[in-house]
Amino acid sequence: MKWEDWKPFYLRIVREMGYSIEEDRKSAELLRELLLEGDEYILREELEAVIGRKAYVFGAGPSLENALGEFDFSDGTLISADGATTALLEFGLIPDVIVTDLDGRIPDIKLANDRGSLLVVHAHGDNKDKLVSYVPFLSRILGTTQAEPLDIIYNFGGFTDGDRAAFLAEELGAREIVLVGFDFGEIVGKWSKPYLRRHSPVWESKRKKFEFARELLTWLEKNGRARIKMLIPSPTQKEGKEQQERGRSADAL
Ligand SMILES: Nc1ncnc2c1ncn2[C@@H]1O[C@H](COP(=O)(O)OP(=O)(O)OP(=O)(O)O)[C@@H](O)[C@H]1O
Ligand SMILES: Nc1nc2c(c(=O)[nH]1)N=C(CO)CN2
Ligand SMILES: [Mg+2]
C-alpha cells in the first residue's frame with residue numbers, strides 16, 4: 001500500500017483511537033536504533049523470499065482452533081498474527097512469519113523464532129517498553145511502523161496485527177490470501193492477550209480496532225491484486241447442537 005493511500009486511514013485511526021503521531025514516530029526511531037544495535041534485522045527482500053503465491057494469515061478469533069484441526073495448510077506460506085502463534089504451536093505448526101506488536105505470548109513468539117519463524121515487529125506509540133525489553137532477545141526481525149517509513153522500518157499498510165499481515169502478504173507477492181481465525185464479532189479469541197484465560201466479550205477499544213481491520217481488509221480486497229478468501233471451519237458437534245437450539249428458540253419467538 002502506498003503511503004498516500006495509507007495516510008488518510010492513518011489520520012483517521014490516530015484521531016478515533018486517540019493515538020499520538022509523535023509517539024508513533026518516536027517508537028519507529030527507537031526500533032530502528034535497536035535493530036541497528038543488535039544487527040539481527042532483515043530487509044524486505046529476505047521476507048519477500050519466503051512469501052509464496054498463496055499465503056494463509058492466521059488471526060486470533062475463536063474459530064481458529066476448529067480451523068487448525070480441520071484443514072491442511074501445507075500448500076501456502078503461514079503468517080500468524082501475534083497471539084495466533086500460540087494456537088499454531090499447539091497444533092504443531094511453526095509459522096513462516098509472525099506479525100506482532102509484541103503483546104502476544106512472548107515465550108511462544110521466541111520459541112517459534114528460534115525454530116525458524118521470521119518476525120515482523122511493529123513499532124507504535126504504546127509499545128516502546130516492549131521493544132526495549134524483547135527486541136534484543138529476538139532474531140531475524142523486519143521492523144514496521146504505521147507512521148512514515150524510515151530506511152529499514154517499513155510501512156506496508158494495515159493497522160491491527162491481522163490486517164497488517166494481509167497487507168504485507170499482498171505487498172510481498174502473495175496472490176491468494178486465505179484468512180483463518182478472523183471473526184470480527186463480539187468475542188475476542190483467548191490467544192489475543194497473554195492474560196486471557198478464555199474467549200472473552202469484546203471491549204470498546206478492541207471493537208474499534210476490529211472495525212478498522214474489517215474496513216482495511218475490504219479496501220484490500222477491492223484494490224489489491226490478491227484474491228482474499230475467508231476460511232470458515234464447520235462447527236464442532238457441540239457447537240452445532242448449540243446453534244440448532246438457538247435456532248429452535250428463535251423459531252419459537
Ligand atoms: N475475534 C478475534 N479475536 C482476536 N483477534 C482477531 C479476531 N478476529 C480477527 N482477529 C485478528 O487477529 C489478530 C490477532 O492479533 P492480537 O489480538 O494478538 O493482537 P493485536 O492486533 O495487537 O491486538 P491488540 O492491540 O488489541 O492486542 C488481530 O490483530 C485481528 O486482526
Ligand atoms: N499507538 C498504538 N498503535 C497501535 C496499537 C496501539 O495499541 N497503540 N495497536 C495496534 C495493534 O492492534 C496497532 N497500532
Ligand atoms: Mg498484538
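Tabulated results
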quantity	calculated
Out of Ile232, Ile187, sole residue that is closer than 18 Å to Gly104 by Cα, over 15 Å from the mean Cα position of the chain (by Cα) and open to solvent by 40 Å² or more (accessible area, probe 1.4 Å)	Ile187
Tally, over the range 180-197, of residues that are within 16 Å of ligand 2 (Cβ to nearest atom) and either part of a helix (DSSP H, G or I) or at negative phi (or both)	11
Sole residue being closer than 18 Å to Gly104 by Cβ, in contact (Cβ under 8 Å) with a residue 12 or more places away in the chain and more than 17 Å from the chain's Cα centre (by Cα), chosen from Leu150, Leu168, Leu138, Leu142	Leu138
Residue check for Ala60: exposed (fewer than 14 other Cβ atoms within 10 Å of the Cβ) and closer than 24 Å to Asp114 by Cβ	no
Among the candidates Thr145, Thr218, residue that is polar (S, T, N, Q) and either touching a Leu at 6+ places or on another chain (Cβ under 6 Å) or within 15 Å of ligand 2 (Cβ to nearest atom) (or both)	Thr145
Top-ranked residue of the range 170-184 - restricted to ones that are under 14 Å from Glu215 (Cα atoms) and among the hydrophobic types (A, V, I, L, M, F, W, C), ranked as surrounded by the fewest Cβ atoms within 10 Å (Cβ to Cβ)	Phe184
The range 91-105 - residue that is in contact (Cβ under 8 Å) with a residue 12 or more places away in the chain and out of contact with any strand residue (DSSP E or B) (no Cβ under 9 Å at 6 or more places or on another chain) and, of those, most open to solvent (accessible area, probe 1.4 Å)	Arg105
Matching residues in the range 106-135 - criterion: being more than 15 Å from the chain's Cα centre (by Cα), open to solvent by less than 40 Å² (accessible area, probe 1.4 Å) and away from ligand 1 (no atom under 14 Å from the Cβ)	Asn113, Gly116, Val135
Failed condition for Gly157, given (1) assigned to a loop (DSSP other than H, G, I, E, B); (2) more than 13 Å from the chain's Cα centre (by Cα); (3) within 14 Å of ligand 2 (Cβ to nearest atom); (4) not charged (D, E, K, R)	(2)
Leading residue by the ranking (surrounded by the most Cβ atoms within 10 Å (Cβ to Cβ)) among those in the range 75-86 that are outside any helix (DSSP H, G or I) and within 16 Å of ligand 2 (Cβ to nearest atom)	Ser80
Filter result for Phe167 (within 12 Å of ligand 2 (Cβ to nearest atom), in contact with a helix residue (DSSP H, G or I) (Cβ under 9 Å, 6 or more places away or on another chain) and open to solvent by less than 20 Å² (accessible area, probe 1.4 Å))	no
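The values are calculated or read from the model by the stated rules, or taken from the named source; none is laboratory data. For clarity, every value in this text was computed on a predicted model and none was experimentally measured. Cβ coordinates were reconstructed from backbone atoms using ideal geometry, including for glycine residues, and neighbour counts include every protein chain displayed. Note: accessible area is taken over every heavy atom of the protein model, side chains too, but ligands, DNA and RNA are not part of it. Shrake-Rupley method; radii C 1.70, N 1.55, O 1.52, S 1.80 Å.
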